[in-house]
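One structure is given here, and the rest of the page talks about it.
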Amino acid sequence: MERTEAEQIVKAVKQGDRESYGRLVEAYQQRIFRYCFHMLGQMQEAEDVAQDVFIKGFERLEQYQEGTNFGAWLYKIAYRECLNKLKRAKTYERLIRLFMRTAPTVESDRVPDVEYNAELRLAMLRLNPEDRHIILLRIVEENRFEDIAEQLNMSYAAVRKRYERAKRKLKNGLTEKEGESDEQSRSLSY
């Protein structure tokens, strides 16, 4: 959806045409869901959070400033919702460990029609949420650095630098995993 078209729809919704918000949901729902899935690593949670993003977007539409990128504004909401979900999950996991003395197992949900390498998924989940956020927006969602910078209230150069660092961390995480596999296969061959 073009930036100007999204702004026109937002204006219409603000003026009382609530039905038009559905067009925004339709235009952005797959991208927001995909983003949430990659941030959270589980399909059901991603669906729930994506739904929350659009509800909060509608409720807070008055806070959207005309002239800014509507998609970037939605991603800001998605980012915050994913962080909140991750924090709640961490707290819940600690409580489970305290009472059960075992960690809960992670489901291996897959996003339909998306090839997703398990090693990449684990390496992504090892990144901190901020780095994961930048990697997802740039690589998966193909956002421009300018849009990411606007969304994060950072300079273009700062976003670019964080992206390069995050990409390096991701690559190192994958390389370490491959190195572990090589060591295991060497030790088995002796």
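The values are calculated or read from the model by the stated rules, or taken from the named source; none is laboratory data. What you are looking at is a predicted structure, and each value in this text was computed from that prediction instead of being measured. Note that we place each Cβ from the backbone using ideal geometry, even for glycine, and neighbour counts take in every protein chain shown. Keep in mind that these areas ignore ligands, DNA and RNA; they rest on the heavy atoms of the full protein, side chains included. Shrake-Rupley method; radii C 1.70, N 1.55, O 1.52, S 1.80 Å.
Return the pairs, sorted by first residue and then second, in which the second residue is open to solvent by less than 10 Å² (accessible area, probe 1.4 Å), the first residue lies in region 119-134 and is polar (S, T, N, Q), the beta carbons are less than 9 Å apart, and the residues are 6+ apart or on different chains.
Qualifying pairs under 9 Å: Asn128/Ala166.
Against the definition (loosely packed, with under 15 Cβ neighbours inside 10 Å, in contact (Cβ under 8 Å) with a residue 12 or more places away in the chain, part of a helix (DSSP H, G or I) and among the acidic types (Asp, Glu)), how does Glu19 come out, yes or no?
Taking the combined requirement at face value, the residue does not satisfy it.
Just checking, which of Leu83, Leu120, Leu95 is modelled with pLDDT under 90, open to solvent by less than 100 Å² (accessible area, probe 1.4 Å), closer than 19 Å to Phe33 by Cα and not in a loop (DSSP other than H, G, I, E, B)?
Leu120
How many residues does region 27-40 hold that are over 18 Å from Asn143 (Cβ atoms) and modelled with pLDDT of 95 or more?
0
With the requirement that a residue be free of Cβ contacts under 8 Å to residues at least 24 places away in the same chain and either surrounded by fewer than 17 Cβ atoms within 10 Å (Cβ to Cβ) or of a type outside the set (Val, Ile, Thr) (or both), what does region 1-16 give you?
The answer is Glu2, Thr4, Glu5, Gln8, Ala12, Gln15, Gly16.
I need a count of the residues in region 128-143 that are within 11 Å of Arg162 (Cβ to Cβ), open to solvent by 10 Å² or more (accessible area, probe 1.4 Å) and of a type outside the set (D, E, K, R).
Qualifying residue count for the region: 1.
What number of residues in region 61-79 are at pLDDT 95 or above and open to solvent by 60 Å² or more (accessible area, probe 1.4 Å)?
Qualifying residue count for the region: 0.
Determine whether Thr68 is among the β-branched types (Val, Ile, Thr), part of a helix (DSSP H, G or I) and more than 26 Å from Leu127 (Cα to Cα).
Against the criterion (among the β-branched types (Val, Ile, Thr), part of a helix (DSSP H, G or I) and more than 26 Å from Leu127 (Cα to Cα)), Thr68 does not qualify.
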